[in-house]
1. Can you give the angle from 0 to 90° between the axis of helix A:109-119 and the longest principal axis of chain A, with both taken from C-alpha atoms, to the nearest 10?
2. B:His29 versus A:Asn414, label points 7 Å from Cα toward the beta carbon: distance in nm?
3. Using each residue's phi in the stretch A:211-217, evaluate 6.51 cos²θ - 1.76 cosθ + 1.60 at θ = phi - 60° and report the 3J(HN,Hα) Karplus result to the nearest Hz, with x for Gly and Pro.
4. Among A:Tyr389, A:Gln376, A:Leu306, pick out the residue whose Cα is farthest towards the positive end of the charge dipole of the stretch A:286-392, where Lys and Arg carry +1 and Asp and Glu carry -1 on C-beta, about the Cα centre.
5. Mind putting a number on the dipole of the protein assembly as shown about its Cα centre? Charges go on the C-beta only, +1 for Lys and Arg and -1 for Asp and Glu, and I need it in Debye to the nearest 20.
6. Between A:Thr259 and A:Leu203, what FRET efficiency comes out of the Förster formula 1/(1 + (r/R0)^6) with R0 = 30 Å and r the beta carbon distance, rounded to 0.05?
7. Which ³J(HN,Hα) values, rounded to whole Hz and listed in residue order, are derived for the stretch B:376-383 from phi using the Karplus coefficients 6.51, -1.76 and 1.60 in 6.51 cos²θ - 1.76 cosθ + 1.60 with θ = phi - 60°, glycine and proline given as x?
8. Counting only C-alpha contacts under 8 Å and six or more residues apart, can you give the relative contact order of the stretch B:113-209 as a whole percent?
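Read-outs: derived from the displayed coordinates by stated rules, not from any lab. Owing to the predicted nature of the structure, the values given are computational and were not obtained by experimental measurement. Quick reminder, even Gly has a Cβ in these numbers, built from the backbone with ideal geometry, and neighbours come from all protein chains shown.
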Amino acid sequence: MRLAPKYLDGVLLAVNALPGVRAVLDAPRCEQERAWIFDQTHDWRAELSGAGSYTRDRRVFAPLWKTATLVQGTERTLAEMIDFVARHHPGDTLLVAPSFLSLLANTDVEGLVAEWRKKLSGRLVFVGRESLDEDWVDGIRRTQAAVFRDLRGPRGGSRAPVVGGFLPFRREGDETGNLEEILRLWRLAGFPPPAAWPFSAGLLPDSPIPRHTPLVAFPIGFDASRFAWEGEVIEVELPIGIDATCSMLRRLARKFRCTRRTEAVIREESRALADRIRPLCERTLAGLGVAVLGDPWTADGLCRALGELGVEACLVGVLRRGNAADPVLARLDRPGRQILLDPKRADFERELRRLARNRICEAVVGSAVVADAARQAGLATVEISAPHYLEHFAEPTPYMGFAGLARLAERLTNAVEHQRHLAEHARKRSRRP
Amino acid sequence: MSDPRPVQLLDLFAALARRAGAAAAVPLHDGSLLYRFREGRRRVEVFHSPWHRPGGSVVRGVEGCFFVRGATDRFAAACLRRLAGARTRFPLSLDPLAVWEDADRPVVLDADFARVHLRRFLDAGRTAWGPFLFAGCDANEDRTVTLVFEGPAGRVDFRVAPSRAAREEGWRRFGPLAVRIAADGRDPAAVGSVARRVETYVYYAFHRAFRPGQPLAAARPEPAHASPNGDVPFRDDPDDRIRQNLDQVPEHAFFLDPFLRRIGTQETLGTLLAADEGLALVVHTDQECTTKLPWLKSCGHLRSLFARLHPLPTHASGREIEWLEPVQAQTIRGDDTVLLRALRRAAGRRKTRIVALMGTCVGDVTGLDYEGLAAAVEREFGKPVVVIGQMLEHFVEMDHTWELLLQIADRRRPPEADRINLVGYAPAESDLADELRGTIPRLGLRLNALLVPSFHSREARDFARAACTVLNPARSSTFEFARAAATFPTMRFHRIPPPFGKSATIAFYRGLAELAGAKDPQAEAEALWAPHEPEFAAWQERARGVRVCFLVRPGDATCLLEPEELHGLDLLRILAEFGFGIDLVVLAGPEGETARSRLERRAAADPLLAETVRTIRRPVREPTAILATLDARLCFSEFPPDRRALEAGKMFFQPRDIQPGLAGTVRSLARLVRLAESAFPGTWCRLRRAGVRHR
């Protein structure tokens, strides 16, 4: 089984991050059950599947299909479902997405949505899809592009930017923490507060999206070819690690003309960060080998950030069906590091066990999908959000920005030291008569 | 897959007779039931009238009264005891023993007449009396309906009309209705046999379905919205179809819809995933099929949460499982080379005893021949390759899955008297399983196999080594293993209710001790319980004075009256033993009366329940408002986390809070007491109220 999440997972991540939106999937009923799984493994506070009596707060719908439905075309069941959801949730925007089987059955989802948009006065957003091989990043990108296209407000032109392309936020520990950290730096540097930040899980205003304003675009969800944006686009890096955070801040500072203040913030923050991470790096982190697992941009950011802490990423699993010529993937590739693109679970586990046995790797940093395998191999784990959680942190645990890097260093140190202690303790105990 | 053959009603009555130890059970045209017994050479007849009649004997816990003919007093008493204890499960939601269950509902003579008013007795196209299949109900223009029975022995039509309108001769009257045979195509010479006298059953059913004074109505109410009483909607409305599919729960539902208790895809895959290396699993999915998600730890969804009481088995790491996710090009081409290679690899492993190929909708759509591939690999390697299909409506149910998996059982092995199989009680890795492994040897038995939901290939191979198998009689478990059980015709099967709660646990171990041939099974079972009694008693003290409440729609009463419907949990009995007081709030429209009286009768028949259960009838309004009026501190809900209970200042509990076994019973009690004593609901309500004031 491949570890990279699928197109629908990306769509659900995006839907989860837009509180006023409901999704209708042109998929068999069992895809609706994905929402149950999502609530358990992605975001405890999400409730895509609803709570209590599931009548008022359910946010993902999919019709019941039979073989006859597929043979005759699924348009009718989809239309009934759109009608049902629109009637029962009159104030909400509906997002309609095709599934694997929907594409296979050649359902004209786009045509149907265009027809229903007129009836529902624009409350309907179509999330496109071209190939059966699209994955979760495509799902996120297409949903973001569709929302930025269809839910744009009539006014705009102010200096306050719109933020897009970020990994859709969840109200779980690390992502809430990341958003707080970015906003803290944003405030300190004196940038104008965002006019809208769609997909921020309701933590910041997400609609209407003003026109003709600058768009600050992060790489995961932003695809220049799909975003038809009238205003200026400021593409920035994910702020994971010192260099990437500085790069993001300086790029925005040039745009918003607060260079001097930003430099002062960078100086101050760097000093505080250095004091926090020095003992950790000296005692534990320097020379440590870890495995990293995540989407290409997060994996790249983590590798560079960990490198700044003196930690070597010896194995990188990239959760993306991409081609190796992608610049991000090319940047990841370096001697002594193994890259597994769109890995199978069994392959990644096997490699982890080998590295653990040879004591090349002591920890896994990244998505929780292999956390149980890592633990069985005796490795420490530091969960970094997307796509799944096993440990749902109630406290903010950022990994972006300066405070995020410090927190990441602390978590990694804690996990590794704890694991070393356990290993030592287990050895002692086994020697006992 | 479900059996396409119709249910033979004669067989149901025969099964009922066997259950009661009678030679036969015969429905009579006045609605009563005749049981035929034998006392030596003497023939004894017991008439059971569901209504009280002068001169009839009354037995506690049984509706109506009895008349005994031809028996000695001692034998009569024994018969009545047996009849009082005899219960049986009927398929298709049939219950020919039902009495006036829907008798508060106004009668409408339309095409839905049989489906709505005779649903316990007849099911169109699926029930037969002897050679007569009940074909359906036709509505006539003159506000009458025709019930049609047809088959090789001819056709019989029954005309049903309002009693007022039936003035001619030949009508039989049942409450507000009159019935007569309108067309009879039977051979007159053969009409005398019970199997041909379909009218006897029809009249019997009408007596038990309609009461005097039951109102007649011209039309049914429009089912635009689900009834708060949780009734099945009458017509096929797109909204209703969608609601069912959404698992949308009516506002007043605290019990799951029976549909949601079905074992679904995830459970099937869970069983296959948790198996040992003897089962080589090949999963062929599309790239985003939900089927492949359960390997995620802690993953759950509605049906997997509730279909079983225990958590879903998850992926046992280290075992080779072939997950095939064909890419676009392979899917469109219908390329099966990768699948074939995977099957060969799986079958070729030394440890493989059986290969399970799990297909999904994608194979259905692209037309992959799973069965053909499986047969080819089976021929090549000589190991069974079974196809567990999970495709749209071609859904291989768990009963068929278990039948396929138990192909590997070695049926030639002679049974050994001290070995037993346990089916449907616990996963192999669970607290109860550990407990059973410890206690069963103390009873002088050996645990041969512990199957359902877990599958272990060695245990499956040795299944026939046990002299008997103990089956969990809960409906889901029974259904799950029914087909597999039928493939072991010489094996003895016993049904012992699962060990939930103190008395059920003792009864469970007593049952096992009886199978082991113990001299005093009760004493042995009580000896097992004895170490747990002090802790149980301490918690029980804390439970006294605390009340637990249930919000019951009429349709939900079955879950409290028949534990088999609720995973074998006899909730009322368990909670009463724990020391809790119980409030049963029956949401009463006019249709709640029957449910309330059934619940009251159940409570009255059991001295412990009579002390602890209080039945309250409340009009249907907002559940939170109803709950707020009760002094109970715990509220039962199968939809946790249930905010309706929290908003009323109550903590909720769910079936999973009740754990099986000796230690499990004490743990359950402790858990419920802690939940009941939790101050959180009060704190939450206070904070919310403060928040409202602040705004």
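1. 60
2. For B:His29 paired with A:Asn414, the spin-label model returns 8.1 nm.
3. The phi angles translate into 8, 6, 9, x, 10, 8, 10 Hz.
4. Sorting the options by dipole projection puts first A:Gln376.
5. So the dipole magnitude of the protein assembly as shown works out to roughly 2140 debye.
6. That pair, A:Leu203 with A:Thr259, gives E of 0.60.
7. My calculation for the stretch B:376-383 gives 5, 5, 4, 5, 5, 10, x, 10 Hz in order.
8. 22
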